[in-house]
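The values are calculated or read from the model by the stated rules, or taken from the named source; none is laboratory data. Quick caveat: nothing in here was measured; it's all calculated off a predicted structure. Here the Cβ is made from the backbone with ideal geometry for all residues, glycine too, and neighbour counts use every protein chain on show.
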Amino acid sequence: MTAKFDPSQAGKPRATPLRAMKPRAEGPRLTVGFILARRFTLCAFANFVDVLRLAADEGDRSRPILCTWTVLSDTMDPVPSSSGVTIQPKERLGDPRRFDYIVVVGGLMDETPALGPAYHRFLQNAAEAGVPLIGVCTGAFFLHRAGLMDGYRCCVSWFHHSDFLEQFDGLDPVADQIFVVDRDRLTCSGGASSAHLAAYLVDKHVGRAQASKSLHIMIIDDALQAEKPQPGIPLDLKTQDPIVQRALLIMQQHIDTTITMQEIAQRMGHSKRQIERHFRLALNTSPQAAFLNMRLELARHLIRKSQKSIAQIAVDCGFCDSSHLSRMFRRQFGDTPQAYRGSATPDD
């Protein structure tokens, strides 16, 4: 039986979907239908499905006993992912009420066409029937284009936050959590966060033990709560200036490579001097200093949390070599990377 959405709950963030509180006693306890946008993100889709697969049966035998899932389509044509791997849909769209959740998996922003009218009707029918809708990666974009995100909080990747603001004026997307549950809309930033969102559903429908088992088999230590922050720009570099925000995102995307301020300016369509002026007003620093700070903060995190060598961390963070990293690190933090690693406690 399909649970109806209670309008009195409107405006209350992160309430648990009604269905998730009532696991079935017999048969599959969790049924999920997937809609894959053209050029969807394969990793996000695979992580979500694998959590369901591993929770559905004993061990990793993959029988769809406790959970079932299927890929839906209007045309039944194979759907290409952003990596070029294609997925063959299994069922026509049909009646959305046969599922507990409908998941829309998005992908590349610039190369992803809009979902067709048949998909919009299907999603709108699902919403009217009280079937919770999930947007994975840029799936929130597609749900909004179908008119299904008004009044809802939604999670988007920090990487796509500015794109969302540009395309959907008036919305306030959340880019500092790995997923968001707002009544009968669930959204996540993609990548590994889709595994944690799927584990959240398994926990509610099937059981915590099955959710933990899935993640452990996937070499993921423990389920993360929705409020777990996304990896992103260091907190002290937060700003509302859109020019500075975009420049910082470009820097983050090139943190292990060499990109000059002139190249960043060209990509943004602004002059180098104009970007420098915005950084000074918004952050009281230069773009070059902000970029170095970003790299050093990442290096400090990796030194504290990973077992990588200092030389490898230097490469990963865009420094010429370990000597270069050591000089900059000591200037910023008053200690060498080796001494910092030696002084860190297990809980740091």
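Quick one: which residue in LEU281, LEU292, LEU298 is closer than 16 Å to GLN252 by Cβ and at pLDDT 90 or above? Talk me through it step by step, then tell me what you get.
On the way: LEU281 fails: closer than 16 Å to GLN252 by Cβ; LEU298 fails: at pLDDT 90 or above.
Going through LEU281, LEU292, LEU298 in turn, the sole match is LEU292.
Residues in the stretch 205-226 that are at pLDDT below 95, assigned to a helix (DSSP H, G or I) and under 18 Å from TYR101 (Cβ atoms): GLN210, ALA211, SER214. If you filter the stretch 37-67 down to residues that are among the charged types (D, E, K, R) and under 21 Å from the mean Cα position of the chain (by Cα), you find that the one that is farthest from ILE102 (Cα to Cα) is ARG39. Quick check, is GLN332 in a helix (DSSP H, G or I) and modelled with pLDDT of 95 or more? No, not satisfied. Among the residues of the stretch 263-285, those that are within 12 Å of THR239 (Cα to Cα) and exposed (fewer than 13 other Cβ atoms within 10 Å of the Cβ) comprise LEU281, ASN284. Residue count for the stretch 138-154 under the criterion of being farther than 19 Å from SER73 by Cα and in contact (Cβ under 8 Å) with a residue 40 or more places away in the chain: the result is 2.
Any idea which residue in the stretch 286-316 is surrounded by the most Cβ atoms within 10 Å (Cβ to Cβ), counting only those that are among the small types (Gly, Ala, Ser) and in contact with a Ser or Thr (Cβ under 6 Å, 6 or more places away or on another chain)?
Looking only at the stretch 286-316, we keep the residues that are among the small types (Gly, Ala, Ser), and these are 286, 289-290, 299, 306, 309, 311, 314.
Retained after the next criterion (residues that are in contact with a Ser or Thr (Cβ under 6 Å, 6 or more places away or on another chain)): 311, 314.
Numbers: ALA311: 13, ALA314: 25.
Top of the filtered list is ALA314.
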